[in-house]
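Here is the structure we will look at.
No value in this document is a laboratory result; all are computed from the given coordinates. As the structure is a computational prediction, the values presented were derived from the model and not from experiment. Virtual Cβ from ideal backbone geometry, glycine too; neighbours counted across all protein chains shown.
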2 protein chains.
Amino acid sequence: MIDDLDRQIIDQLRVDGRRSFGEIGRSIGLSEASVRARFGRLQRQGVVQVVGMTDSVKLGEMEVHLAVRVHHMPVALVARELSRMPEVRYVASCVGPYDLIADVRCRDLGHLAELLTERVRRVNGVAHAEALTVLEVIKDSYLWAGFRELPAAPGERIIPP
Amino acid sequence: MIDDLDRQIIDQLRVDGRRSFGEIGRSIGLSEASVRARFGRLQRQGVVQVVGMTDSVKLGEMEVHLAVRVHHMPVALVARELSRMPEVRYVASCVGPYDLIADVRCRDLGHLAELLTERVRRVNGVAHAEALTVLEVIKDSYLWAGFRELPAAPGERIIPP
DNA sequence: GGTTGATTCCGCGAATATCGCAGCCGGCCG
DNA sequence: CGGCCGGCTGCGATATTCGCGGAATCAACC
C-alpha cells in the first residue's frame with residue numbers, strides 16, 4: 001500500500017512542502033511524473049497533506065492545551081461537542097490520567113476565558129478541564145526521520161512590544 | 001510587523017501549501033514577486049512553514065502527548081533536550097499544572113517504552129512526565145484558527161462518528 | 001526644497017517546474 | 001501466447017519560480 005519510495009517522498013515533503021517533484025525524483029531515482037503521481041495518490045488517500053503551519057505565539061495568538069476528564073457521559077459525545085468549536089484545532093481521545101485532549105487557539109485572554117467558562121466547561125460530561133497555556137513553542141516539526149535543526153531562529157522580533 | 005496581506009497569504013497556504021505564489025497574488029491583488037518576498041520573510045521569521053503532514057493512524061504510528069514537570073533545572077534546557085529527540089514532534093513551555101508539553105510519535109509500544117523510560121525520564125530536571133496515549137483523533141484541523149471567519153473548512157479532516 | 005536610505009512593490013527575461021498524454025515494460029492470468 | 005493492468009518514462013506546451021533592476025513611497029535630516 002505504502003512503499004519505501006512513498007516514505008522517501010513524504011520525508012522530503014515534511015522538511016519542505018514546496019520542494020519540486022523533479023528535485024525529489026532526482027534524489028530518489030524517480031521521474032518527476034512518477035513522484036507527482038505518487039504524491040497525488042497519497043494525498044487522495046489522506047496519508048499526507050501539504051499545509052502551511054504557523055507559530056501561534058509569534059502571531060500573537062494564545063495556544064492552550066486542554067486535558068479533559070469526562071464523567072457520566074460517553075467520551076465520544078464530548079469529543080464531538082468540542083470538535084464543533086472553531087477555536088478547537090485538535091481533539092483526541094486518550095488513555096491515561098485524562099480522557100480527552102484538545103488543542104485550542106484564541107485571540108486573547110478574554111476570548112480564552114469565554115471559551116473555557118462559557119462553552120467548554122458547560123459541555124455535558126466535562127468533569128474537569130486542565131489548561132496549559134503555551135508560553136513559547138520550542139519545536140514544531142512533523143518530521144519522523146528527524147533532520148532539520150531547531151526552528152528556534154531567534155533574532156527577528158515579530159510581535160511589536 | 002505582520003499585516004493583513006501576510007495573513008491572507010498564510011490563510012491560503014494553510015489550505016494548500018503548494019499553491020503558486022502567482023495564484024495567491026492574483027487573489028489578493030499582489031504580484032507574484034511580492035507574495036514570494038513576503039512568504040520568504042515570514043518563513044525566515046518562523047511565523048509560517050510549509051510542511052507535509054501525515055495521518056499517524058494511516059501510517060500505523062502511535063501518537064502520545066506528554067505533560068512534564070521540571071524541577072531544579074531551567075525549563076528551557078529541558079525543552080532543548082527533548083527537542084533533540086527525533087520522535088518528539090512538538091515541544092512548548094507552558095504555564096499551568098505542568099511546565100512543558102511534548103507531542104511524540106513512535107512506531108509501536110516498544111519504541112514508546114524505550115523512549116519514555118530510557119530517554120525522556122532520564123533527562124536532567126524531568127521530575128514527572130504524564131503520558132496520554134491517543135486512541136482516536138477526532139479532529140485535526142490545519143486551518144488557520146477558525147475564529148477568524150473563513151468560509152467553510154476545506155483541508156479539515158474530521159473523523160465521522 | 002532636496003537628498004539619502006530603507007522599504008515595498010512591480011515588470012521582465014531566463015531557468016525550472018508542472019501538467020497531460022502517449023508509449024514502454026514487466027508481471028499476471030486466462 | 002496474447003491481452004491487460006499498473007507503474008514508469010519522455011516529451012512538448014504551459015505555468016511558475018527566481019534574480020534582477022528600477023519606480024514609488026515615506027521618514028529623517030540638512
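Things to note:
- Across peptide B:38-50, the average count of Cβ atoms from other chains found within 10 Å of a residue's Cβ is 6.
- Mean silhouette area of region A:62-133, derived from the convex hull of its C-alpha atoms and averaged over all directions, reads 4.1 nm².
- Cross-link partners of B:K58 among lysines (Cα-Cα below 21 Å; sequence separation of 8 or more within a chain): B:K139
- Förster radius 22 Å - calculated FRET efficiency between A:H111 and A:M73, Cβ distance, rounded to 0.05: 0.25
- Net charge in the neighbourhood of B:H111 (other residues with Cβ under 10 Å of its Cβ; Lys, Arg +1, Asp, Glu -1) is -2.
- Computed over the protein assembly as shown, the quotient of the alpha carbon radius of gyration and 2.2 N^0.38 Å is 0.99.
- Label point of A:E32 set 7 angstrom out along Cα-Cβ; within region B:22-66, amide nitrogens under 19 Å from it belong to B:22-23.
- Near A:E32: Cβ cut-off under 13 Å, other residues only, Lys/Arg at +1 and Asp/Glu at -1. The net charge is +3.
- When peptides B:11-19, B:116-124 are sorted by average Cβ neighbour count within 10 Å, with the highest value leading, the order is B:11-19, B:116-124.
- Of the Cα atoms belonging to chain A, the radius of gyration and Dmax stand at 19.8, 56 Å.
- Residue of A:V88, A:V104, A:V35 that the Gaussian network model of chain A assigns the largest fluctuation, springs spanning Cα pairs under 10 Å: A:V35
- Cut-off 12 Å (backbone N to label point 7 Å along Cα→Cβ of A:E23), residues of region B:70-91: none
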